[in-house]
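The values are calculated or read from the model by the stated rules, or taken from the named source; none is laboratory data. If you're wondering where the values come from, they're calculated on a predicted model, not measured in any experiment. Neighbour counts run over all protein chains shown; Cβ positions are idealised from the backbone, glycine included.
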Amino acid sequence: MKMESPFKADIMKGKVALLTGGGSGIGFEISLQLGKHGASIAIMGRRKSVLDSAVSALHSLGIPAIGLEGDVRKRDDAVKVIESTVKYFGRLDILVNAAAGNFLVPAEDLSPNGFRTVIDIDSVGTFTMCHEALKYLKKGGPGKDSSSGGTIINISATLHYTATWYQIHVSAAKAAVDSITRSLALEWGTDYDIRVNGIAPGPIGDTAGVSKLAPDEILNKERQHMPLFKLGEKWDIAMAAIYLASDAGKYVNGTTMAVDGGLWLSKPRHLPKEAVKQASRAVEKRSRDAPVGIPKSKL
């Protein structure tokens, strides 16, 4: 179903947004909607083919956009991408950290290396991008006027609000992301007028996260436990991002907005352990070309 935006078409006019993981899934929808509402878009990602496809789609709608190859785990890549964005568009106003990795695995089968991989992408990568973007986002930074600072949005999750089966690595990583969000909001909101917030999506239809982590039969069963009895849409997350990045959210700082229909309030166990192992092996086989966040089996 096509949804009409509740925001003015030019609410992001004149803004420049850089999105990690912005070439596909939820990240691309945020790129698309920020662009449709007037922003210029820079997308950072590891795969050139994904970047090219995303940029082409944005260009077809008249949205100024560039794709920049880089890995959020590498500081040199972060510096290069941020500086290239500012060089091309003249400024940076919005940073969206959407790059992430996830896979189902019982804790005893997860190696320290597999755990570290997700922490490096989600948590360290988020901090690295924020740290290197600071001089451009802060009040009066290069390319900015002196009246206001920029905005950071970190894409999180609700997994760690209680606990989630077979996702100890991602739960830990997203808990760290939420802590980063609060700490930076406190420090950088005070010192540089930068607002830092997060969005915690629930299960969103037509995304890799749902297709890899929850088979259809499980989703159909889970719908009975969802307060709204349905999956979310990528559009829902993008609208939350526009709210937080625009003047509509100008007094919101240091919060992570759960956009999950209230699902995190109740999450029953839905798969026996052996079924998870079988499903994980099947996903592994289908996902050899997936992002680095999905390690080889038996890590």
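One residue is enough: does the stretch 129-145 have a residue meeting the conditions surrounded by fewer than 18 Cβ atoms within 10 Å (Cβ to Cβ), over 14 Å from the mean Cα position of the chain (by Cα) and assigned to a helix (DSSP H, G or I)? Yes: the stretch 129-145 contains one or more residues that are surrounded by fewer than 18 Cβ atoms within 10 Å (Cβ to Cβ), over 14 Å from the mean Cα position of the chain (by Cα) and assigned to a helix (DSSP H, G or I). Within the span defined as the stretch 140-147, every residue fails to be at negative phi and either of a type in the set (V, I, T) or at pLDDT 95 or above (or both).
Name the residues in the stretch 86-112 that are closer than 26 Å to H131 by Cα and assigned to a loop (DSSP other than H, G, I, E, B), would you? Residues satisfying the conditions are G90, R91, L92, D93, A98, A99, A100, G101, N102. Scanning the stretch 1-30 for residues that are over 25 Å from P203 (Cβ atoms) and in a loop (DSSP other than H, G, I, E, B) returns K8, A9, D10, I11, M12, K13, G14, K15. Picking from residues in the stretch 31-49 that are assigned to a helix (DSSP H, G or I) and within 16 Å of the chain's Cα centre (by Cα), the one that is surrounded by the most Cβ atoms within 10 Å (Cβ to Cβ) is S31. Note on the stretch 165-271: enclosed helices (runs of 4 or more DSSP H) holding 3 or more residues that are at pLDDT below 95 and more than 21 Å from V16 (Cα to Cα) are 208-213, 216-222. Checked against (1) within 16 Å of I242 (Cα to Cα); (2) in contact (Cβ under 8 Å) with a residue 40 or more places away in the chain; (3) surrounded by fewer than 24 Cβ atoms within 10 Å (Cβ to Cβ); (4) touching a helix residue (DSSP H, G or I) at 6+ places or on another chain (Cβ under 6 Å), S24 passes all but a single condition, namely (1).
For the stretch 50-82: of the residues being in a loop (DSSP other than H, G, I, E, B) and either modelled with pLDDT under 95 or among the small types (G, A, S) (or both), which is nearest to the chain's Cα centre (by Cα)? Within the stretch 50-82, the match that is nearest to the chain's Cα centre (by Cα) is G70.
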